[in-house]
Amino acid sequence: MILDIIISGLISGSVYALLATGFCLIFGVARIVNIAHTAFYMVAAYGIYFGTHKLGFHPLWCMIASVILITLFGLIAYKLFIDPIREHEAAVLICTIALAMAMQEIMLLLFTGDFLSVPSLIEGFFTIFGVKVFYQQLLTFGLVLLILAALRVLLMKTKLGLAIRSTAQDREVANLMGINESRAAMITMGITVGLAGLAGAVVVPLTILEPFMWMHPLIMMMAVVVLGGLGSLKGSFVGAYILGFAEALVVFLIPKGAFLKGSVALSVMILVLLIRPEGLFGVSFEEER
Amino acid sequence: MKRLKAGWMMMVALCLVLAIALPAWAADVIKIGVIGPMNFVQGKGHWNGATMAAEEINAKGGVQVGQKKMMIELVKADSNEFLNITDATNAMERLMTQSKVDFVVGGFRTEAVMAMQDIAMDSKKIFIGCGAATDELCLRVAKDYNKYKYWFRGTPFNSTYLVRTSFIHMATVGAILKKTLDLPQIKIAVVAEKAMWTEGMIKASEANIPKMGMELVGIWQPSPVATDVTAELSAVQRSGAHIIFTIFSSSVGIPFARQAGELKIPAMQVGINVEAQKEGFWQATQGMGNYVFTTNTYARGVEYNDLTAPFVDTYIKKFGEVPTYNADTYAAIKYTLVPAIEKTGTLDSDKLVAFIENDVHMAPSGTVAYYKDEQGRPTHDLKWGPGFLTSLGVQWQDGQLKGVWPNQWKATPEAPEITYKGIVPVKIPPWVIEKYKK
């Protein structure tokens, strides 16, 4: 059973980590609490469904096209709705909620509330220590590690990363140093929406497609980010796996209480916050942003 | 100026004439409210069934009410009950006060239907429920007849009989597995979504599975909207279950079936999976829902009586899919309401209630009659069993939803054997055979 818990925890944790990374990044850099993050993930998934089922293209091409299109859409949404009010954090928060609701209603109108699905990129499963794991889950796990590594390289080894980190540390000083902080925020928005699209491409084949599918991941993702420490990528990564393991423990140790797995995970978050209000890596690891 | 005044007066006169004349026009119309979550499969089923019934009746000249013919006019009401019960009660209020409907059909979610039921009852309008299974909806009729007598259950039969039917399905599949795979004892894992309606079924499972000679190896209760159940499936596999008794009405039925199929969990899924009753299930599970067995009302090519095939075939032709049980708004209008109106010659709710509660009539899903409780009080609940309504056991077999039960079924040792026309044998998933075949 321990192996089951470890493997199940790793898999769920990877999914949460993938979703939380983008959310965390845009908050860390631009102080934008992007509630629409998982709505972008939902729209990307619908894009893949439309491409595969309505237009008949191969899932891989649809995934690539969907990630590119959702990134462009995210950039347009940022320029039109978020950028003009960026100075007012509360207004941005409300704006992203409205944006998410609008996307939900548009998807409901276009695709109705029917439950749909998209094909896996790699079908099938393999067995590890008697536990069956989807290749798609393995792909998610691998992708999370890859994305985190790529983000680290981008932030630490490139000029763009330097600009992003400077903006995250002090917008005004970054501006005085000649960094176009508005552009840095916009690029970060593009990267994070792209990550949301990528999450849609790899996670959605494991689940179902419906216009309200963005809400549950949003709650879990926020829990992960708060648990790990707002804005800390490392914190999000660790937080995601803590919640993943908490969920697996509930399912295996209290089968009749499997429905409580989300609540237990959120309780873990509250518990950690009571002991350490800034989250696991909120202040001590501030420089990692 | 005088001309302008005269113009205004003519306008007012015209409005008055219209206001007086409109109710007279409306009098030749029977207004039926169709309420349901219209953006979802359930609501679409409600609406499709009702429109089919209205079109067929109107094409034949309408409904004979005493000396005059009246046409049916449907009023669509989106209850949005999956997301907001207040929307459902508002929609019902609008039907009663604004649209002033004569009857209502539809409803799906128990919590919403109970609230909507009260509104319809206060307005003394007949409401035929076509979605919620909770016993309480009809127990209210027995307990407070004067208030709730306008409620009738249209479909499905109540939760108690749903449980009984599902247990029969479980026992049937258990017997097939035991015989085919030469298993000494069948092990059952119960996986039920966490919801009010499943609690009774879980208790019944705990009490009855051992009595049925099978072993209950565990009960798992994922969230109704869970999207990943791989952990639950790993635990079920570890338990060594041969049958997974599913109790799902929400979206969790899709990821559960898809992930179980893709992981080739060596156990047959039997029970209630409302999502598996729909044509879209095959696409939604990417074909991984193969061999899932669930209770259902209709299946291609399966006939309860002479009314089934014309209904199912026309529905498929018109809407491109097999009707779900929610589409029994068709039967509620065509075989319950309209014959009652024609026979009594009135739209008066009280007179119609007195007629319908004693009526026994055929419908595409069987023979409809209503129970009275032990004290002889009408419940307006549907009679279950051979000769009345039994529903079907259906199984996904290579992309098609086939009727597999009742197949030589005897309700009691003395009862006659029942096999509906079009029923085919149950298929065991190859990976289950591979795992257990000695």
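Taking the stretch B:222-244 on its own, how many of its residues are acidic (Asp, Glu) and out of contact with any helix residue (DSSP H, G or I) (no Cβ under 6 Å at 6 or more places or on another chain)? Steps first, answer last, please.
Within the stretch B:222-244, the subset acidic (Asp, Glu) is B:228, B:232.
Still in the list and also out of contact with any helix residue (DSSP H, G or I) (no Cβ under 6 Å at 6 or more places or on another chain): B:228.
Residues flagged as acidic (Asp, Glu) and out of contact with any helix residue (DSSP H, G or I) (no Cβ under 6 Å at 6 or more places or on another chain) within the stretch B:222-244 amount to 1.
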Is it the case that the stretch B:396-404 has a residue that's exposed (fewer than 12 other Cβ atoms within 10 Å of the Cβ), out of contact with any Cys (no Cβ under 9 Å at 6 or more places or on another chain) and in a loop (DSSP other than H, G, I, E, B)?
yes
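Sort through B:GLY174, B:GLY200, B:GLY131 and tell me the only one that's under 30 Å from B:LYS31 (Cα atoms), of a type in the set (Gly, Ala, Ser) and in contact (Cβ under 8 Å) with a residue 40 or more places away in the chain. Break it down stepwise before answering.
Numbers: B:GLY174 fails: under 30 Å from B:LYS31 (Cα atoms); B:GLY200 fails: under 30 Å from B:LYS31 (Cα atoms).
Just a single option satisfies the conditions, and that option is B:GLY131.
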Qualifying position, being away from chain B (no Cβ under 12 Å), under 26 Å from A:PHE81 (Cβ atoms), open to solvent by 30 Å² or more (accessible area, probe 1.4 Å) and aliphatic (A, V, I, L, M), among A:ALA20, A:ALA44, A:ALA65:
A:ALA65
Could you tell me whether A:GLY124 is modelled with pLDDT under 90, open to solvent by less than 70 Å² (accessible area, probe 1.4 Å), more than 29 Å from A:PHE237 (Cβ to Cβ) and of a type outside the set (A, V, I, L, M, F, W, C)?
no
From the option list B:VAL63, B:VAL105, B:VAL141, single residue qualifying as modelled with pLDDT of 95 or more and in contact with a Cys (Cβ under 7 Å, 6 or more places away or on another chain) is B:VAL105
For the list (1) touching a Phe, Trp or Tyr at 6+ places or on another chain (Cβ under 8 Å); (2) open to solvent by 30 Å² or more (accessible area, probe 1.4 Å); (3) within 12 Å of chain B (Cβ to nearest Cβ), I need the number of the one condition that A:LYS234 fails.
(3)
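Residue-by-condition table, conditions (1) open to solvent by less than 10 Å² (accessible area, probe 1.4 Å); (2) over 19 Å from the mean Cα position of the chain (by Cα):
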{"residue": "B:LEU263", "(1), (2)": "yes, yes"}
{"residue": "B:MET268", "(1), (2)": "yes, yes"}
{"residue": "B:ASN273", "(1), (2)": "yes, no"}
{"residue": "B:ALA276", "(1), (2)": "yes, no"}
{"residue": "B:GLU279", "(1), (2)": "no, no"}
{"residue": "B:GLN283", "(1), (2)": "no, yes"}
{"residue": "B:GLY289", "(1), (2)": "yes, yes"}
{"residue": "B:THR297", "(1), (2)": "no, no"}
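Just to be sure I understand, how many residues within the stretch B:299-323 are assigned to a loop (DSSP other than H, G, I, E, B) and open to solvent by 30 Å² or more (accessible area, probe 1.4 Å)? Even if it seems obvious, please write down each step before you answer.
First pass over the stretch B:299-323, keeping only residues assigned to a loop (DSSP other than H, G, I, E, B): B:299-302, B:304-307, B:320-323.
From the residues that got through so far, the ones that are open to solvent by 30 Å² or more (accessible area, probe 1.4 Å) too are B:300-301, B:304, B:306-307, B:320-321.
Total satisfying the criteria: 7.
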Within the group A:LEU218, A:LEU195, which residue is crowded, with 24+ Cβ neighbours inside 10 Å and in a helix (DSSP H, G or I)?
A:LEU195
Report yes if B:GLU414 is surrounded by fewer than 17 Cβ atoms within 10 Å (Cβ to Cβ), assigned to a loop (DSSP other than H, G, I, E, B) and among the charged types (D, E, K, R), otherwise no.
yes
The condition from (1) at pLDDT below 95; (2) within 14 Å of chain A (Cβ to nearest Cβ) that B:ASN158 misses is numbered (2)
Has the stretch A:74-87 got at least one residue that is open to solvent by 10 Å² or more (accessible area, probe 1.4 Å) and either within 12 Å of chain B (Cβ to nearest Cβ) or assigned to a loop (DSSP other than H, G, I, E, B) (or both)?
yes
Whether any residue in the stretch B:42-63 is open to solvent by 20 Å² or more (accessible area, probe 1.4 Å), more than 16 Å from B:THR336 (Cα to Cα), assigned to a loop (DSSP other than H, G, I, E, B) and within 14 Å of chain A (Cβ to nearest Cβ) is what I want to check.
no
Considering residues of the stretch B:200-215 that are open to solvent by 50 Å² or more (accessible area, probe 1.4 Å) and closer than 26 Å to A:LEU249 by Cα only, the residue modelled with the lowest pLDDT
B:LYS203
Looking only at the stretch B:186-199, count how many residues are more than 8 Å from chain A (Cβ to nearest Cβ) and either farther than 23 Å from B:THR165 by Cβ or open to solvent by less than 50 Å² (accessible area, probe 1.4 Å) (or both).
8
Here is a check on your reading of the model: is A:LEU60 in contact with a Leu (Cβ under 8 Å, 6 or more places away or on another chain), surrounded by fewer than 16 Cβ atoms within 10 Å (Cβ to Cβ) and either at pLDDT 95 or above or among the hydrophobic types (A, V, I, L, M, F, W, C) (or both)?
yes
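Looking only at the stretch A:22-62, filter to residues that are of a type in the set (A, V, I, L, M) and farther than 24 Å from A:MET222 by Cβ; which one of those is nearest to the chain's Cα centre (by Cα)?
Narrowing the stretch A:22-62 to residues of a type in the set (A, V, I, L, M): A:25-26, A:29-30, A:32-33, A:35-36, A:39, A:42-45, A:48, A:55, A:60.
So of that shortlist, the ones also farther than 24 Å from A:MET222 by Cβ come out as A:48, A:55, A:60.
On the way: A:ILE48: 17, A:LEU55: 27, A:LEU60: 20 Å.
If we take residues in the stretch A:22-62 being of a type in the set (A, V, I, L, M) and farther than 24 Å from A:MET222 by Cβ, then A:ILE48 is nearest to the chain's Cα centre (by Cα).
Any chance you could count how many residues in the stretch A:109-167 are within 30 Å of B:ASN80 (Cα to Cα) and in a helix (DSSP H, G or I)? Walk me through it before giving the result.
Keep residues of the stretch A:109-167 that are within 30 Å of B:ASN80 (Cα to Cα), which gives A:109-119.
Add one more test, that the residue is in a helix (DSSP H, G or I), and what stays is A:109-111.
The number of residues fulfilling the criteria is 3.
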Kindly provide the set of residues from the stretch A:132-147 that are within 19 Å of the chain's Cα centre (by Cα) and open to solvent by 70 Å² or more (accessible area, probe 1.4 Å), ordered by number.
A:LEU138, A:LEU145, A:LEU146
Out of (1) surrounded by 16 or more Cβ atoms within 10 Å (Cβ to Cβ); (2) more than 11 Å from chain B (Cβ to nearest Cβ); (3) touching a residue at least 12 places away in the same chain (Cβ under 8 Å), the one A:ARG171 does not meet is (3)
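Condition test on A:ILE7, is it in contact with a Ser or Thr (Cβ under 9 Å, 6 or more places away or on another chain) and of a type in the set (A, V, I, L, M, F, W, C)? Working first, answer last.
On the way: in contact with a Ser or Thr (Cβ under 9 Å, 6 or more places away or on another chain): yes; of a type in the set (A, V, I, L, M, F, W, C): yes.
Yes.
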Does B:TRP409 qualify as being hydrophobic (A, V, I, L, M, F, W, C), touching an Asp or Glu at 6+ places or on another chain (Cβ under 9 Å), surrounded by fewer than 22 Cβ atoms within 10 Å (Cβ to Cβ) and farther than 20 Å from B:LYS31 by Cβ?
yes
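Looking for whichever is within 8 Å of chain A (Cβ to nearest Cβ), touching a strand residue (DSSP E or B) at 6+ places or on another chain (Cβ under 9 Å) and either of a type in the set (A, V, I, L, M) or outside any loop (DSSP other than H, G, I, E, B) (or both) here; the options are B:ALA276, B:ALA235, B:ALA226, B:ALA231. Which one fits? Reasoning before the result, please.
On the way: B:ALA276 fails: within 8 Å of chain A (Cβ to nearest Cβ); B:ALA226 fails: touching a strand residue (DSSP E or B) at 6+ places or on another chain (Cβ under 9 Å); B:ALA231 fails: touching a strand residue (DSSP E or B) at 6+ places or on another chain (Cβ under 9 Å).
None of the other options fit; the residue is B:ALA235.
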One residue from B:ASP144, B:ASP135 being in contact with a Ser or Thr (Cβ under 8 Å, 6 or more places away or on another chain), more than 14 Å from chain A (Cβ to nearest Cβ) and open to solvent by 20 Å² or more (accessible area, probe 1.4 Å):
B:ASP135
Check A:ALA150 against each of (1) touching a strand residue (DSSP E or B) at 6+ places or on another chain (Cβ under 6 Å); (2) open to solvent by 10 Å² or more (accessible area, probe 1.4 Å) and name the one condition it does not meet.
(1)
Applying the selection to the stretch A:96-129, what residues are within 8 Å of chain B (Cβ to nearest Cβ), small (Gly, Ala, Ser) and either closer than 14 Å to A:GLU210 by Cβ or in contact (Cβ under 8 Å) with a residue 60 or more places away in the chain (or both)?
A:GLY113, A:SER117, A:SER120
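The values are calculated or read from the model by the stated rules, or taken from the named source; none is laboratory data. Remember, it's a predicted structure, so these values are computed and weren't measured experimentally. Here Cβ is always computed from backbone atoms with ideal geometry, including for glycine, and neighbour counts include all displayed protein chains. To get the accessible areas, we keep the full protein, side chains included, count just its heavy atoms, and leave off ligands, DNA and RNA. Shrake-Rupley method; radii C 1.70, N 1.55, O 1.52, S 1.80 Å.
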